[in-house]
Amino acid sequence: DDPVARVREQYLRLRDRYPRVTWALAPTSPEFCSPALLERLAALSAEYELPVITHIYESRPMTVAGRMFMPEHGGSQVKYLRAAGLLNKRLGLAHSVWMLPEESALLAEAGANVILNPVGNLKTPCGVAPIRPYLTAGVNVALGCDNCSCSDSQNMFQTMKAFASLAAITDPEPGPPSAADTIRVATLGGARAVGLDGQVGAIKPGMKADLQVIDLTAPPYVPLNSVARQTVFSEGG
């Protein structure tokens, strides 16, 4: 009868059971959620410092829904989320393909995160997110593989290569993201987006040891000129 109360109950019952499992709240996407639901989720997120992950502007129809049915927010789903109290550092916006520049500025100002899924967006096909504008605006960017039905592969190396390459579609001049930018986005950016900043995403004392070992004698790394570049563009995982 009360889904938010049910989520709260389950969180309090299970939050400490599995040390490697963390929680986030996940309303499907703004255009399907009432203001009352989003406001209650915002309160729950603030009370327990829980990330909120939602889909936004994945496809053109999703984008048009906001433009048509949210006139009181200027047609902006980002402003709709802001009105509900969700536009903050705990918010992660999956896909974010059809974001307007003024909305990117709002995300950067609030410290909110975008979680880009370039391989899945190409398959579906939904478009290419404004990768370089997000980086230049100062938005924290993370990467995802979407689910198996959208991109078929849960391979972060494929995702990194697509992310580093697709900016050239709209911005063919040299510029970000570099290979080093891409590794930062895939590690530190992802950690921040899911509320694990300072716990994972870097190799240094005190961090959780989540490592992948790469064979530098394999053909992609011979000769070894740039670990970052060769990992992003050559490694197959």
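Read-outs: derived from the displayed coordinates by stated rules, not from any lab. Source: prediction; values computed, not measured. When we count neighbours, we look across all protein chains shown, and the Cβ atoms used for this are built from the backbone with ideal geometry, even at glycine.
Here are the numbers for the structure shown:
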read-out: Ranked by how many other beta carbons lie within 10 Å on average, peptides 86-99, 208-221, 131-144 from highest; value: 86-99, 131-144, 208-221
read-out: Spin-label model distance (nm) - H73 vs I214, 7 Å beyond Cα toward Cβ; value: 3.9 nm
read-out: Residues N155 and A24, FRET efficiency given R0 of 22 Å [Cβ-Cβ distance, rounded to 0.05]; value: 0.50
read-out: Whole-Hz couplings from phi, Karplus 6.51/-1.76/1.60, listed for region 117-131; x for Gly and Pro; value: 10, x, 5, x, 5, 6, 6, 5, x, 10, x, 10, 5, x, 4
read-out: Lysine pairs in the chain with Cα atoms under 28 Å, if 8 or more residues apart or on separate chains; value: 7
read-out: Linear extension gain, I203 paired with A43, 0.36 nm per residue minus alpha-carbon span; value: 54.2 nm
read-out: Mean-position separation - Cα centroids, region 92-167 and region 185-208, in angstrom; value: 18 Å
read-out: Among S104, V64, L93 the positive-end extreme of the charge dipole of region 61-111 (Cβ point charges); value: L93
read-out: Relative contact order %, the chain, counting alpha carbon pairs below 8 Å whose residues are six or more apart; value: 14 percent
read-out: Region 1-103, relative contact order in percent, only Cα pairs under 8 angstrom and at least six apart counted; value: 29 percent
read-out: Net +/- balance of residues flanking L41 in space, Cβ distance below 11 Å, scoring K and R +1, D and E -1; value: +1
read-out: Charged-residue dipole, Cβ positions (Lys, Arg, Asp, Glu), region 70-213 about Cα centre, Debye nearest 20; value: 360 debye
read-out: Length-normalised contact order of region 96-237 in % [C-alpha pairs under 8 Å, at least 6 apart]; value: 21 percent
read-out: Selection from L166, A36, P223, by position along the positive dipole direction of the chain (Cβ); value: P223
read-out: Label-point separation, E173 to A36 (7 Å along Cα→Cβ), nm; value: 5.1 nm
read-out: Among [x] 1.02; [y] 1.05; [z] 0.98, the entry derived from the coordinates for Rg/Rh (Cα atoms, Kirkwood Rh); value: [z]
read-out: Using alpha carbons only: equivalent-ellipsoid semi-axes of region 67-151, gyration tensor based, whole Å; value: 21, 15, 12
read-out: Amide H contacts of V52 (H built 1.01 Å from N, under 5 Å, at least 5 apart or other chain); value: L25, L91, G92
